[in-house]
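Enquirer: Shown below is the structure under consideration.
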Amino acid sequence: DGARIEQALGRTHRSGQEADEIEVQIVVACEEHQKALDTLVRDATYIQETTGQQQKVLLADWTDA
């Protein structure tokens, strides 16, 4: 689900991470994966719009590779 993706990505920017930017590839192999990714972005957008707290996942470049 979207929360699992968010947790996995969140581990890449914890304290001690020295890189300004990271690159992560997410394999979307089925409809359930796409739905989870869509949920992640939708939930992050909602949080950012309602609380004003910047959501790092929304800074991502979600282009197809």
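Enquirer: So which residues in the range 23-42 are under 15 Å from THR63 (Cα atoms) and surrounded by fewer than 10 Cβ atoms within 10 Å (Cβ to Cβ), if there are any at all?
Expert: Passing the criteria: GLU23, VAL24, GLN25, VAL27.
Enquirer: Output the qualifying pairs, or none if there are none: Cβ atoms under 7 angstrom, residues six or more apart or on different chains, first residue in the range 25-43 and more than 12 Å from GLU6 (Cβ to Cβ), second residue open to solvent by 80 Å² or more (accessible area, probe 1.4 Å).
Expert: Listed pairs, sorted by first residue: GLN25/ALA65.
Enquirer: Hey, among the residues in the range 43-64 that are surrounded by fewer than 10 Cβ atoms within 10 Å (Cβ to Cβ) and under 22 Å from ILE26 (Cα atoms), which one's modelled with the highest pLDDT?
Expert: Step by step, filter the range 43-64, then rank; the result is LEU59.
Enquirer: Continuing with the same structure: Among GLN7, GLN17, which is at pLDDT below 75 and more than 13 Å from the chain's Cα centre (by Cα)?
Expert: Matching residue, one of GLN7, GLN17: GLN17.
Enquirer: Determine the pairs where a residue that is farther than 14 Å from GLU23 by Cβ, located within the range 46-65, has a partner that is assigned to a loop (DSSP other than H, G, I, E, B) with Cβ atoms under 7 Å apart, the partner being 6 or more residues away or on another chain.
Expert: Here the result reads ILE47/GLN53; ILE47/GLN55; GLN48/GLN54; GLN48/GLN55, each pair linking the range 46-65 to a residue that is assigned to a loop (DSSP other than H, G, I, E, B).
The values are calculated or read from the model by the stated rules, or taken from the named source; none is laboratory data. Please read all numbers here as calculations on a predicted model, not as lab measurements. Glycine gets a Cβ as well: all are built from the backbone with ideal geometry, and neighbour counts include every protein chain shown. The accessibility values were calculated without ligands, DNA or RNA, using every heavy atom of the protein model including side chains. Shrake-Rupley method; radii C 1.70, N 1.55, O 1.52, S 1.80 Å.
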